[in-house]
Amino acid sequence: MSITAFSGPAVVFGQSPFPAQEYNPELGASAFYSGAGVLDPRLAFTYTPGQNFGAFTGMFLGFDNITTLNIVPYTNSTAAIVASANPTSATLTLVSSASTTTGVSIVSQIARSDTGAVDTNNGAGFVALDSYTSVSGYISNGTSGTAGNILIVSTASAGPLAIGMVISGTGIPTGTTITGFGPTVNASNGASGVGFTGSYTISGPAIAAGTSGSAITVTASLNNALNAVYSNAIPQGSAASLNFWNPQALLGRCLTYTAAASATYTTATTNGYDIYGYPMTEQVTLTANSTVTGRKAFKYIKSVTLSGGTADTTHAYSIGTSALVGLPIRADSSGELTAAAAASLSVLNPVTNYTGFVAAVNTYPTATTGDVRGTIDLSNVTGFNLTPSTATNRYVVRQSPQPYNVGSNAGLFGQTQYANF
């Protein structure tokens, strides 16, 4: 069955305000299966009349107080993106493999959301932040050793699993993805998973991989083969025409830039993409024997290049991740946010003072301006005050866009990112 679509606005009313003209004895609330929400209006993700069945259409679940982040970030690492080393050229060498220590993965390609062009970074791929994990478990129909489409995770100590992650391991077909949080299937680690232990549904044919008595290692990454950005959404229906942006996957982070004592380069320029696949460029001023933090939240890193000062191959530089994270929807004030966090995966404490919030930059973006949707410092907000800690600290952010912002791309998602590539 195809999508039913029509141009709005649409009005659903109970009865005429003039009872003598119309009376509705069934006056009541309206119900929508699986919910309703805000359609993403950007050309790369919105509905286009006549589009092919299964074409990606993005949306947020809900109209107000929208859950935009539900995250358990990896511990900050000053070398998550570029390991500390003396550079052999002005272009730094990015890490080349996934890590359960820093949470990065290597994604193969991104379809640029501004142009649609596929970028493979000359075959090298991109470093994706907070997009990788490894767990122990088995796949069955709920009964160990019997083929099915349920992944039961018995041990999880790295980052969380998210819907849309591609999984791999002994006996798991290439391209198998997590499609949902599974049913309760047994009394031992069999309750529905929400990121760590528990059960998950997976795509593809029924398989039996590992057993309850002999678990296998399952790795998982946010890496859709067509476009890495698509793995940041939860598909609806078999054709995946509608997709909820996934608050567990929309984590973008500001970067740290560390230069050793006596280092002589004065500028670092980073090219990459945000959580939605829009290209972005940041330029920061380096300080020898110090770590500085950028202002733009990246999801995918394409390159980091040093410049200024004197060419330097004898002092170490590294690039990493910070507790400063980006907001998925533009926020002009902290009054548009409600948030909670705790050093627990389930019990959360409300934020009482948003001292770590920085509003969206609404001037024309440049390489040195802040984030176009705004940022929040997880380690500097009263009620948070928690530095990201792998598999430990959970943060939930809800956003309510202002009425004057919901009618435009820039209102919902901020100014167009500055990019110089």
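Bear in mind that the values in this text are calculations on the coordinates, not laboratory data. Since the structure is predicted, the reported quantities are computational estimates derived from the model, not experimental observations. When we count neighbours, we look across all protein chains shown, and the Cβ atoms used for this are built from the backbone with ideal geometry, even at glycine.
By the beta-carbon count within 10 Å of each Cβ, the least crowded to most crowded order of F6, F298, F181, fewest first, is F6, F181, F298.
In Å, the Kirkwood hydrodynamic radius of the range 96-149 over pairs of distinct alpha carbons? Please list the in-between numbers first.
Values: mean 1/r = 0.0727 Å⁻¹.
Result for the range 96-149, one decimal place: 13.8 Å.
Using the Cα centre as the reference, give the magnitude of the dipole from point charges on the C-beta atoms of the chain (Lys, Arg: +1; Asp, Glu: -1; all else neutral), rounded to the nearest 20 debye.
Working: 11 positive and 14 negative charges, 90 e Å.
Result for the chain is approximately 440 debye, rounded to the nearest 20.
Note on the range 132-221: Kirkwood hydrodynamic radius from all Cα pairs is 12.1 Å, rounded to one decimal.
Considering only T363, T375, T258, give the residue with the highest GNM mean-square fluctuation for the chain, with springs between Cα atoms whenever their separation is below 10 Å. Residue with maximal mean-square fluctuation among T363, T375, T258: T363. I want to verify a result. In a Gaussian network model of the chain, Cα cutoff 10 Å, which of these has the top mean-square fluctuation: G164, G35, G198? Comparing G164, G35, G198 in a Gaussian network model of the chain, the most mobile one is G35.
If you bin all the Cα-Cα distances of the range 1-131 at 10 Å, starting from zero, the percentages per bin are 9, 22, 25, 20, 12, 7, 4, 1, 0. A viscosity of 1.567 mPa s and a temperature of 4 °C, combined with the Kirkwood radius over C-alpha pairs in the Stokes-Einstein formula, give the chain a diffusion coefficient of 57 µm²/s. Spatial offset of the range 21-60 relative to the range 76-132 amounts to 36 Å, using the alpha carbon center of each. Positive-end ranking of T287, Y265, G252 along the dipole of the range 238-333, with charges on Cβ about the Cα centre, is headed by G252. Dipole of the chain computed with +1 at Lys/Arg Cβ and -1 at Asp/Glu Cβ about the Cα centre; of A311, F18, I150, farthest Cα towards the positive end is A311.
Using a ≥ b ≥ c from the Cα gyration tensor of the range 284-421 (square roots of the eigenvalues), is it rounded, prolate or oblate, where a/c under 1.5 gives rounded and otherwise the larger of a/b and b/c decides, a/b for prolate? Don't jump to the answer; show the numbers that get you there.
On the way: a/c = 2.50, a/b = 1.30, b/c = 1.93.
Oblate, because a/c is 1.5 or more while a/b does not exceed b/c.
Whole Å is fine, so just give me how far the alpha carbon centre of the range 147-163 lies from that of the range 297-354. The range 147-163 and the range 297-354 have Cα centres separated by 27 Å. Between A367, A340, A187, the GNM of the chain built on Cα springs shorter than 10 angstrom shows A187 fluctuating the most. Taking the fewest neighbouring Cβ atoms within 10 Å as the starting point, the ordered list for L129, L43 is L43, L129. Among F56, F63, F384, the ranking by other beta carbons within 10 Å of each residue's beta carbon, starting with the fewest, stands as F63, F56, F384.
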